[in-house]
Amino acid sequence: MKHALVVGGTGMLSEVCTWLVDQDYHVSVIGRNPEKMSRLVGKTDKDKITSLLVDYKKVDQLNMLLKQTILENGPFTLVVAWVHTGGEQGLGKLIEIVAETNGTSELYHVLGSRAKLAEVKSALHIPRTCSYHQVQLGFKLEEDTGRWLKNHEIAEGVIEAIQYKAPTFLVGVLEPAEMRP
Ligand SMILES: NC(=O)c1ccc[n+]([C@@H]2O[C@H](COP(=O)([O-])OP(=O)(O)OC[C@H]3O[C@@H](n4cnc5c(N)ncnc54)[C@H](OP(=O)(O)O)[C@@H]3O)[C@@H](O)[C@H]2O)c1
């Protein structure tokens, strides 16, 4: 079975996790809160989800859990990562582990509306065997106002990005800037 990893999969990416299970992936999910994790597991086939309850800023613990799930479920062929500021080291470790254990893999890096895509990419050491994709979250225009994206819209956008395999993919809009919520 294919093995996917979703970093931050218990929040706005929950629907991405359940969609991946439906696509026949075994899905390892990173989050800290056990209740949020149980809620996600309760929505899908629990045998196809591995909970990795860890703070991704604690790189040694992260390293250990990633290696363990790779041993049990195989190398990651797909990674979806939503990482807040401060978690860059964890993301770096994850990319390092993917490089060590994989043939080829796809990484979908989910980024906020203020992210500078080229700068983010150049700060990461992406191995040649990893296909790196960026999914930027913008906002929605509704009549004469802008609002932030809802979880379902974010998940739908990420799923579309995975299906299209686009190098960069925008969910919602970034313009007009003055309509940003
Ligand atoms: N452009 C937009 O419109 C936009 C962009 C971003 C967010 N939003 C909205 O804002 C809401 C809140 O955003 P959010 O950033 O809190 O996203 P979220 O996806 O709801 O929560 C963050 C996810 O990352 C995990 N996480 C956070 N810090 C972690 C850490 N140190 N170690 C391991 N896992 C960690 C959380 O799990 P734990 O809590 O268990 O650690 C959770 O799964 C979203 O639900 C979304 O609707 C909108």
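The values are calculated or read from the model by the stated rules, or taken from the named source; none is laboratory data. A quick note: this is a predicted structure, and the numbers were derived from the prediction, not measured. Methodologically, a virtual Cβ is constructed for each residue, glycine included, from the backbone with ideal geometry; neighbour enumeration extends over all protein chains shown. Ligands, DNA and RNA are excluded from the accessible area calculation, which covers all protein heavy atoms including side chains. Shrake-Rupley method; radii C 1.70, N 1.55, O 1.52, S 1.80 Å.
Among the numbered criteria (1) surrounded by fewer than 20 Cβ atoms within 10 Å (Cβ to Cβ); (2) at pLDDT below 95; (3) within 11 Å of the ligand (Cβ to nearest atom), which single criterion is violated by Gly112?
(2)
Touching a residue at least 24 places away in the same chain (Cβ under 8 Å) and among the basic types (Lys, Arg): is that true of Arg39 in this structure?
Here the answer is yes, as Arg39 does meet what is asked.
Under 6 Å between Cβ atoms, at least 6 apart or on separate chains: pull out the pairs that start in the stretch 96-112 with a residue that is farther than 10 Å from Gln134 by Cα and end on any residue that is open to solvent by 10 Å² or more (accessible area, probe 1.4 Å) and within 16 Å of the ligand (Cβ to nearest atom).
Qualifying pairs under 6 Å: Gly112/Leu137.
Residues that are charged (D, E, K, R) and at negative phi: list the helices (runs of 4 or more DSSP H) wholly contained in the stretch 46-124 that include at least 3 such residues.
Here the list reads 59-73, 88-101.
Restricting to the stretch 53-80, name every residue that is within 18 Å of Thr101 (Cα to Cα), buried (at least 16 other Cβ atoms within 10 Å of the Cβ) and out of contact with any Phe, Trp or Tyr (no Cβ under 6 Å at 6 or more places or on another chain).
Matches in the stretch 53-80: Val59, Asn63, Leu65, Leu66, Thr69, Ile70, Asn73, Pro75, Phe76, Thr77, Leu78, Val79.
Which residues, counting only those in the stretch 158-180, are modelled with pLDDT under 95, touching a Gly at 6+ places or on another chain (Cβ under 9 Å) and of a type in the set (A, V, I, L, M)?
Selection gives Met179 alone.
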